[in-house]
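**Q** A single structure is presented below for examination.
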Amino acid sequence: MIVSHSWLAEHYNDPDLIILDSRGSVAYSYGHIPRSQPLGVDKVIKATDSGANLVLEPENAASLFSSLGIDETKTVIIYGDYMDPSAARISWTLLYYGHEKTKILDIGIRSWYQKGLAITKEVYKPNPAIFVPKVNSAIRIGAEELQKRIDSAFIIDARSPQEYMGGKIPNSVLFPFTDGVGEKGSLFKEKDELVKIFEAQKIPKDKELVCYCALGHRAANVFTQLKIAGYENVRLYDGSLADWIGRRLPLG
């Protein structure tokens with residue numbers, strides 16, 4: 001799920017790569033990795049009246065990802081800022097729509113700058129493509145299903161301790177997404193370190209794991225952390241607490 005900066009520095013011109021800048025268009029315009037395209041996290045969500053950020057509809061996903069030149073032959077690499085979970089939320093969206101060839105750059109863009117790696121202001125326009133959404137429902141869960149699994153699933157809250165103390169989904173345990181973020185610009189800790197952290201937190205491998213936060217972005221980062229560590233049965237509640245509260249469901 002992760003690609004090294006040293007590899008990308010040598011391969012960004014490969015024709016089978018699509019590189020996405022999760023910071024969005026404004027930051028992209030000041031400088032970006034060559035052959036990358038801007039894709040802010042706001043483009044991959046559908047906002048509800050309650051403020052929840054749900055995954056965008058299949059037809060919209062098909063249009064968006066096709067416009068970015070993504071089809072089943074392409075490997076997608078997403079990068080962004082250090083400590084910003086946007087890249088993980090975009091990655092999860094592609095995985096949800098069946099694009100397994102999806103990876104996140106191991107470092108934030110500031111570290112890429114600091115290492116003296118290639119930067120450009122040239123806008124890249126890909127060739128047209130046809131993206132066919134293939135929904136992978138195994139990595140997503142909605143409020144109704146979560147209600148039914150509230151006692152059987154292992155529910156992980158990716159927010160801060162202060163937010164957690166203010167109200168949480170019943171039976172959830174706290175694991176701030178920042179605990180799995182790496183140091184010195186690395187977006188994630190190494191696999192062995194993540195394994196140790198999750199084992200210390202007693203996060204089981206034999207249960208269904210559900211990640212949530214306020215809007216689903218930080219939870220997508222923890223989803224990625226768990227996948228890196230080898231957990232297989234992991235799902236994202238993309239609506240997260242905004243959706244839960246909007247439905248007037250009980251808090252713990």
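The values are calculated or read from the model by the stated rules, or taken from the named source; none is laboratory data. Because the structure is a prediction, the values reported are computed rather than measured. Don't worry about glycine lacking a Cβ; one is built from the backbone with ideal geometry, like all the others, and counts go over all protein chains shown.
**Q** Within region 110-121, take every residue that is of a type outside the set (D, E, K, R) and more than 23 Å from the chain's Cα centre (by Cα) and give me the one that is surrounded by the most Cβ atoms within 10 Å (Cβ to Cβ).
**A** Checking each candidate, the answer is 117.
**Q** Right, something else. If I ask for residues that are in contact with a strand residue (DSSP E or B) (Cβ under 8 Å, 6 or more places away or on another chain) and either more than 30 Å from residue 208 (Cβ to Cβ) or not in a loop (DSSP other than H, G, I, E, B) (or both), which ones from region 126-146 would you list?
**A** Scanning region 126-146 gives 126, 138, 139, 140, 146.
**Q** Enumerate the pairs (first residue in region 9-34 and under 22 Å from residue 85 (Cα atoms) and touching a residue at least 40 places away in the same chain (Cβ under 8 Å); second residue anywhere and crowded, with 17+ Cβ neighbours inside 10 Å and basic (Lys, Arg)) with beta-carbon separation below 6 Å, excluding pairs fewer than 6 apart on the same chain, so at least 6 apart or on different chains.
**A** Note: pairs meeting the criteria are 18/74; 19/35.
**Q** Tell me whether region 216-224 contains one or more residues that are farther than 25 Å from residue 42 by Cα, surrounded by 19 or more Cβ atoms within 10 Å (Cβ to Cβ) and in contact with a helix residue (DSSP H, G or I) (Cβ under 9 Å, 6 or more places away or on another chain).
**A** Checked against the condition, which is being farther than 25 Å from residue 42 by Cα, surrounded by 19 or more Cβ atoms within 10 Å (Cβ to Cβ) and in contact with a helix residue (DSSP H, G or I) (Cβ under 9 Å, 6 or more places away or on another chain), region 216-224 yields no hits at all.
**Q** Please tell me if residue 56 is within 26 Å of residue 246 (Cβ to Cβ) and modelled with pLDDT of 95 or more.
**A** Yes, satisfied.
**Q** With 167, 182 as the choices, which residue is under 29 Å from residue 110 (Cβ atoms) and outside any helix (DSSP H, G or I)?
**A** 182 is the lone residue from the list that is under 29 Å from residue 110 (Cβ atoms) and outside any helix (DSSP H, G or I).
**Q** Could you list, in sequence order, all residues of region 143-153 that are within 15 Å of residue 252 (Cα to Cα) and surrounded by 20 or more Cβ atoms within 10 Å (Cβ to Cβ)?
**A** If the condition is that a residue be within 15 Å of residue 252 (Cα to Cα) and surrounded by 20 or more Cβ atoms within 10 Å (Cβ to Cβ), then 146 is the only one that fits.
**Q** Taking residue 145, is it modelled with pLDDT of 95 or more, outside the structural domain of residue 45 (by TED's automatic domain parsing), more than 15 Å from the chain's Cα centre (by Cα) and at negative phi?
**A** So residue 145 passes the test.
**Q** Given the condition more than 30 Å from residue 15 (Cα to Cα) and surrounded by 16 or more Cβ atoms within 10 Å (Cβ to Cβ), answer yes or no: does some residue in region 122-137 qualify?
**A** No, every residue in region 122-137 fails to be more than 30 Å from residue 15 (Cα to Cα) and surrounded by 16 or more Cβ atoms within 10 Å (Cβ to Cβ).
**Q** Here is a follow-up. If you scan region 15-39, which residues turn out to be touching a helix residue (DSSP H, G or I) at 6+ places or on another chain (Cβ under 7 Å) and closer than 20 Å to residue 128 by Cα?
**A** 17, 20, 21, 38, 39
**Q** May I pose another question? Residues 107, 139, 150, 78: which one is touching a residue at least 12 places away in the same chain (Cβ under 8 Å), out of contact with any helix residue (DSSP H, G or I) (no Cβ under 7 Å at 6 or more places or on another chain) and either more than 16 Å from residue 18 (Cβ to Cβ) or of a type in the set (A, V, I, L, M, F, W, C) (or both)?
**A** 150 is the lone residue from the list that is touching a residue at least 12 places away in the same chain (Cβ under 8 Å), out of contact with any helix residue (DSSP H, G or I) (no Cβ under 7 Å at 6 or more places or on another chain) and either more than 16 Å from residue 18 (Cβ to Cβ) or of a type in the set (A, V, I, L, M, F, W, C) (or both).
**Q** A follow-up question, please. Run residue 225 past the list (1) free of Cβ contacts under 8 Å to residues at least 60 places away in the same chain; (2) closer than 23 Å to residue 99 by Cα; (3) of a type outside the set (Ser, Thr, Tyr); (4) in a loop (DSSP other than H, G, I, E, B) and report the number of the one that doesn't hold.
**A** Here residue 225 meets the rest and fails (4).
**Q** Still on this model: Check whether at least one residue in region 149-159 is among the aliphatic types (A, V, I, L, M) and within 27 Å of residue 105 (Cβ to Cβ), and report yes or no.
**A** yes
**Q** Might you check whether a residue that is closer than 15 Å to residue 97 by Cα and touching a Ser or Thr at 6+ places or on another chain (Cβ under 7 Å) occurs anywhere in region 10-28?
**A** No, because not a single residue in region 10-28 is closer than 15 Å to residue 97 by Cα and touching a Ser or Thr at 6+ places or on another chain (Cβ under 7 Å).
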